[in-house]
Each structure stands twice: as C-alpha cells, then as structure tokens.
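The values are calculated or read from the model by the stated rules, or taken from the named source; none is laboratory data. Not measured: the values here are computed from a predicted model. Please note: Cβ atoms are built from the backbone with ideal geometry, for glycine as well, and neighbour counts cover all protein chains shown. Areas reflect the complete protein model, heavy atoms only, side chains present, ligands, DNA and RNA absent. Shrake-Rupley method; radii C 1.70, N 1.55, O 1.52, S 1.80 Å.
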Amino acid sequence: MRAGAVVLMLGGIATLGLSGCAPGTQTVKLAPDTEQIEERERAEPGELALRVVDRRPREIFGYRDEGGGVTLSGDRDLSEAVGDGLAEAFERQGIAVTEWDGEAERRLEVEIFTFHYQRAGGFLNRRASLSSEWVVSGHIDGERYSSEARVRTETRALFGPSEAKNEELVNQVLSRGVRQVATQKDLLRLLEDET
C-alpha cells in the first residue's frame, strides 16, 4: 500500500511539474541598453539621417510553444526599438540622428532580416536561442558604406526559460546588435571626417 501511495504521489508531482511548464503567450518590453557605449564629445556634433526597416516575414519573434501556437513578441515595432537604440548610441558618441532623407550627405539604413526565437530540448533539458541578422548600408559624404550585424545567444533551464529570462534574452540581442552597428570602426571613421 505504501508503494502505491508513493507512485501516486510521484505521478501527481510529475503532472504538476509538467502543467507548470506550459508557457503562455508573452510580449516583452523592448529596451536596448546603450550604457556600455563610451560617451564622446566633439567640437561640432555630426549629423546622420537614419532609417530602420523591418524585413522579417512575420511580426512575432518565435514560439514559446509552437504546437500550442504560443508566441513571443515585442511591445512595439522592432524597427522603432532598434531606431531608438541606435539614436541613443550615436548621440552618446556625439552624432545627432535626424529624420530620414534619401538625399542626405550622411545617411544610414539598417534592414532587419531576422530576429528569431526558438525553444528546443526535452523535459528537464530545455533551451532557448535567439539570433538576429541586420544589413547596414549608407552614404557618408560621398562614400558608400556597408556592414552586417549578426548576434546569437542561448540560455538553458530545467523547465524552459522564464518570462523574465526571455525578456533578458531579447534585449541582450537587441543591445548587442545596436552596439555592433553604432560602434563599427569604419563607420565612425567616416563620421569623424568632417568635410
């Protein structure tokens, strides 16, 4: 009788554990961190017309539970969050970001092609990964400029990442992408050359 009670108790614990693992749809607050970008002062602040375009085929980042259609997404447009982060990052370096003008002497376009969240793994061995690819192109005082930003990160947890961990993961990738674009040495060299 005792063995039967133990089996029932273990079965109940497993059922509670599995039901507690079912994730719900999540909308994360998009907040790129630019604090790690070194502030620089310039005698005359430069200007840069900036446009960020979201080229992804869907608005969501991915699925917390693909079989159940449970999604992960942002609280605002990804292009807006990236644009805000880049504006802050450039301004910390003495470059004022202006409205987009396709004829501006100093203009930069950032195209977001992927921002993909994926969960994988089995019971007690779940992981989540997030990867993003951006293509950067522009003209700085008559010179063409192009680069790419590629970022990937992963986290592991027994029952899958929590909502707080997902938000951290998303903003970590967002922040790294912004830093890659805004601190690229060739771009900064072009922006520092006053003509």
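Worth pointing out:
- Of all the residues in region 56-68, those that are surrounded by 17 or more Cβ atoms within 10 Å (Cβ to Cβ) and outside any loop (DSSP other than H, G, I, E, B) number 3.
- The residues listed here are ARG51, ARG107, ARG126; of these, the one that is crowded, with 20+ Cβ neighbours inside 10 Å and part of a strand (DSSP E or B) is ARG107.
- Sole residue being basic (Lys, Arg) and either modelled with pLDDT of 95 or more or not in a strand (DSSP E or B) (or both), chosen from ARG119, ARG156, ARG152: ARG152
- Unmet requirement for LYS165, which otherwise passes all of (1) basic (Lys, Arg); (2) in contact with a strand residue (DSSP E or B) (Cβ under 8 Å, 6 or more places away or on another chain); (3) within 29 Å of ARG40 (Cα to Cα): (3)
- Residue in region 69-99 that is nearest to GLN118 (Cα to Cα), counting only those that are assigned to a helix (DSSP H, G or I) and open to solvent by 40 Å² or more (accessible area, probe 1.4 Å): GLU80
- Residue selected from region 134-153 under the condition within 14 Å of the chain's Cα centre (by Cα) and open to solvent by 80 Å² or more (accessible area, probe 1.4 Å), by the criterion farthest from SER73 (Cα to Cα): ARG150
- Residue satisfying all of: in region 172-195; closer than 20 Å to PHE61 by Cα and out of contact with any helix residue (DSSP H, G or I) (no Cβ under 9 Å at 6 or more places or on another chain); most open to solvent (accessible area, probe 1.4 Å) among these: ARG176
- Among the candidates GLU35, GLU59, the residue that is under 17 Å from TYR117 (Cα atoms) and either without any contact (Cβ under 8 Å) to a residue 24 or more places away in the chain or in contact with an Asp or Glu (Cβ under 6 Å, 6 or more places away or on another chain) (or both) is uniquely GLU59.
- Every residue from region 27-45 that is assigned to a strand (DSSP E or B) and surrounded by 18 or more Cβ atoms within 10 Å (Cβ to Cβ): VAL28
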